[in-house]
Every structure is written in structure tokens, then in C-alpha cells.
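Reading through the C-alpha cells given below for one structure.
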Amino acid sequence: MLIASLIAGVLVLTALSLAGSYLERRQKRRFEQEELARLLAQSSAPSNGRSPEPVPTSVVDTNRLSARLGTNKDGAVSWRPLALPNPHLLIVGGSGSGKSQTIKAVCHELRKATAVVVFDVHGDLAIDGATTHELHFESRYGINPLVLSLDPKGGGPVAQKEIVRTRLQRTFAPMGSVQLGVLDDLLRRCYEARGITQEDHASWRKDPPTFADLEERLAKDIAGTKTPERLQALKTKISTVFDCKVFSKPTLPIAATGITRLDLSRLGLDIQFLASDVLLRHLFREAMLAGEAEEGELRYVFVIDEAKLLVSRGKDDPLGIINRLATEARKYGVGLLLASQDLEHFSRDILNNVATKLVLMHSETAIRATASKLLLEKEQLQALKEPFVGLAKFGGTGWRRVQVQPYFARV
């Protein structure tokens, strides 16, 4: 009798559990349907002046944007940025491996689908159809670090002063608190001379000052004080930003599609770093202000040859622009193409957040380090003995051999 009662009790509990699970699934399904209906309603009736969140379509053409790298025994090998966890590509290879020709080939393939911005530090990435801006003492355009963000929650002269101070401090280290304080005051007065203040958001749309204004105001302060030593020391430290004139000109235009190439080869390393850093931050900020990208949208691809230029000064700094782009840019429709001779130049954030990697021929001394970082066998890298022969990895797939078709064979 006791056993029968226990069995009956177990059966009752089992039935109640099954019923509870069924009701829970029904409730979850009903919630999902209501949530979908709410999202669809938001897409047609935004409230409080805010744009609705994009609702992904049921079918997304992730193959729309594709760059053919080359071929292997199975056929064509292509990079499809939108079909991967992120639209980033890293190319690593030694001198003479075909890196520059590979970069140009990828840019050529992407030119009709998105805005490709090439940061060319050696002047050897000329591409047919690209709009090229040479940056030098006499160039028409430059890069203005004092251009303001119009975002009312994070823009204006106060935010921009902080950005400029930080960039100059990193470029011309060491820079002490006294010099930074003097620089902050100079920048504030430069904006005020143009009628731009933090409180008046409408004033942010006025033409901003340039480094020519900063140089002029600094010179006046030096001439007008009996103890100009601190001011003169600041001017001496940052004099190259004034001498090159790149930061005293209108900011160069970036095309909405096609290739815009920045030829930085005539600038010194410090100015190359500062110019690239300023423009990348400006373009990334524009992408963020435009909001999260819709599914299948790629607004920019930033192409950075010799990426050590931008990562060597604080490789693991989470606020370094390349690290930020690697970890944050995907949701704003921004992709990266980074190239270097040595993986040691890249942080763990970059290596972990770049979905596509292409390894070309290496020098013997670099093989061990690259193999260790990318979980390759040394023998696999040692087998890459000629230009344009490499190993490619796309997301979670395995490594595959590829014969890269160079740019000169495509045009």
C-alpha cells in the first residue's frame, strides 16, 4: 500500500512538472511574439524623437561585399567581411612577401562597395582610380585636430581639448602637468576667439580654429610676458606640428565610396602618427554618431600599412585607436585592414578580434613568434618560400593555403 502511494505521488509530481514545462514554453513563446510585435511597431512609429532600433531582415546577403584574395586547389579564395564575426583583416609577412601588392588587390576589390581609406606611410600604395591626397608642407589639404564633435552629450571644445592634449602628450612625451595646463588654456582661448564655447551648442558649427591659431596665440604670449621660459619650452617641444603646416589647413575630404589614399610618406614619423591618429578618431566618431550599422552595412574600411606606426606607442592601451577599432568598430560598420612585418606590433585585443588573418612568407627569425601566436606549426610557415603564397584563416575555420593574385595582375 505504501509503495503504491509513493508511485502515485511520483506520477503526480511528474505530470505537474511536464505541465509546468509546457506552460513555461507557451509563456516564453507568447513573450517572444509580443516582443517581435513591439519591435515592428517601433520601426514604423519612433517615439521621443529617437530613431528606432533596426530590425534585421529575414534574409541577409552577407556575400554582397567580397574581396577575392586568390586561388587554391579548391578554387577561388575570398574574404567576405560581412559573413564573419567582424570585418577585419590582418596581413603579416616579411619584406618581399608581396604584402603591398596584396593590400592594393584587396582595396581594388572593395572599391565599388564601400569607402576605403588608405593610410600610406611609404608612398607605394598607388591604386588606379583612387583619390590621392599628399600631405606635406605645401599640400592643399591637411588634418585639423580642432574640428569639433557636434554630439551634445560628448562633443564641444572641452572634449576636443582633452583629445588634443592627450594626442600631443603621447606624440611628444614626456609632457608635464604644467605644459599640459598651458596648452589647455591656449586651446580654450583659440576656440573663444572664434566665438565657440561649451555652453553655446550652436557655436560648435562655426569654423574651428587650426594649429595656425594655436601657434599665433602661443607666439603672442611668449612676446608679452617677462618670463617666457615655460611657454618657449612648450613651443620647442611641439614645434614640428607648426613647421609642417599639415594641421593648419582644411581637413581633406573623404569620398563616400571608392578609395581615398593619404600619402604620408613626406612627413616625419611623429607627424605621421599624429595625423593618422587624429583622422582615424574623427572618422570613427562620425560613424558612431551615425548610430549602429544595419545588418549588411559597411561604412568604412581603414587600411593601415606598417600598422606598427599606430600601435607601437602603447600597444596594450585600450584607448589606443587601433585597439578601439578592433574591439568596437564592427557594430558601427567599420572594418580594418592591418598589415605589418611582425605580429609583435599587435596587442592581444587586435589578435583576438581580427577574424581574418593572412600569413605570407616570413624571415627565418620571425617564424617561431608568428607560429606561436597564431597556433601554426613552424613547418607550415617555413614552407612559404616565395611571394604571394600564404596561409589564410577566416573566423573559426582552419588554415588554408592560398596563391594570392597580386594587384598588378588584376588591372
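A few remarks follow.
- Yes/no for Phe137 being closer than 15 Å to Asp277 by Cα, among the aromatic types (Phe, Trp, Tyr), touching a residue at least 24 places away in the same chain (Cβ under 8 Å) and surrounded by fewer than 20 Cβ atoms within 10 Å (Cβ to Cβ): no
- Taking every residue in the range 215-239 that is assigned to a helix (DSSP H, G or I) and pairing it with any residue that is modelled with pLDDT under 95 and hydroxyl-bearing (Ser, Thr, Tyr), at least 6 positions away or on another chain, the pairs with Cβ-Cβ distances below 7 Å are Leu231/Thr225.
- Ser265 out of contact with any Phe, Trp or Tyr (no Cβ under 6 Å at 6 or more places or on another chain), surrounded by fewer than 22 Cβ atoms within 10 Å (Cβ to Cβ), of a type outside the set (Lys, Arg) and not assigned by TED's automatic domain parsing to the domain that holds Asn353: no
- Close pairs (6 angstrom Cβ cut-off, 6 or more residues apart or separate chains): hydroxyl-bearing (Ser, Thr, Tyr) in the range 254-267, not in a strand (DSSP E or B) anywhere: Thr260/Ile254; Ser265/His122; Ser265/Gly123
- Residue that is within 22 Å of Thr327 (Cβ to Cβ) and either at pLDDT 95 or above or in the same structural domain as Leu84 (by TED's automatic domain parsing) (or both), where the choices are Ala366, Ala371, Ala355: Ala355
- So Tyr141, is it among the aromatic types (Phe, Trp, Tyr) and within 30 Å of Arg111 (Cβ to Cβ): yes
- Close Cβ contacts (under 6 Å, 6 or more residues apart or on different chains) running from residues in the range 278-302 that are part of a loop (DSSP other than H, G, I, E, B) to residues that are exposed (fewer than 15 other Cβ atoms within 10 Å of the Cβ) comprise Glu292/Lys331; Glu294/Pro54; Glu295/Pro56; Glu295/Val60; Gly296/Val60.
- Screening the candidates Ser248, Ser276, Ser265 for the property of being over 28 Å from Gln341 (Cβ atoms) and of a type outside the set (D, E, K, R) yields one hit, Ser248.
- Taking strands (runs of 3 or more DSSP E) as the structural unit, those lying wholly within the range 330-403 and holding at least 2 residues that are in contact with a Phe, Trp or Tyr (Cβ under 6 Å, 6 or more places away or on another chain) correspond to 334-340, 389-394.
- Strands (runs of 3 or more DSSP E) completely within the range 74-172 that count 1 or more residues being more than 18 Å from the chain's Cα centre (by Cα) and at positive phi: 75-79
- Given (1) of a type outside the set (Lys, Arg); (2) out of contact with any Asp or Glu (no Cβ under 6 Å at 6 or more places or on another chain); (3) closer than 20 Å to Asp305 by Cα, number of the condition Gln403 does not satisfy: (3)
- Flag if Thr210 is farther than 27 Å from Gly156 by Cβ and among the hydroxyl-bearing types (Ser, Thr, Tyr): no
- Counting only residues that are exposed (fewer than 15 other Cβ atoms within 10 Å of the Cβ) and either assigned by TED's automatic domain parsing to the domain that holds Thr210 or touching a Leu at 6+ places or on another chain (Cβ under 8 Å) (or both), the range 268-290 holds 2 of them.
- Set side by side, the residues Val334, Val389 differ, and just one is at pLDDT 95 or above and within 26 Å of the chain's Cα centre (by Cα), which is Val334.
- If you check Ala326, Ala392 for being under 21 Å from Arg68 (Cα atoms), surrounded by 18 or more Cβ atoms within 10 Å (Cβ to Cβ), in the same structural domain as Ala83 (by TED's automatic domain parsing) and in contact with a strand residue (DSSP E or B) (Cβ under 7 Å, 6 or more places away or on another chain), only one passes: Ala392.
- Among the conditions (1) basic (Lys, Arg); (2) within 27 Å of the chain's Cα centre (by Cα); (3) under 19 Å from Pro157 (Cβ atoms), the only one that Arg217 does not satisfy is (2).
The values are calculated or read from the model by the stated rules, or taken from the named source; none is laboratory data. Model, not experiment: these values are computed from the prediction. For neighbour counting, all protein chains shown are included, and Cβ atoms are generated from backbone atoms with ideal geometry for every residue, glycine included.
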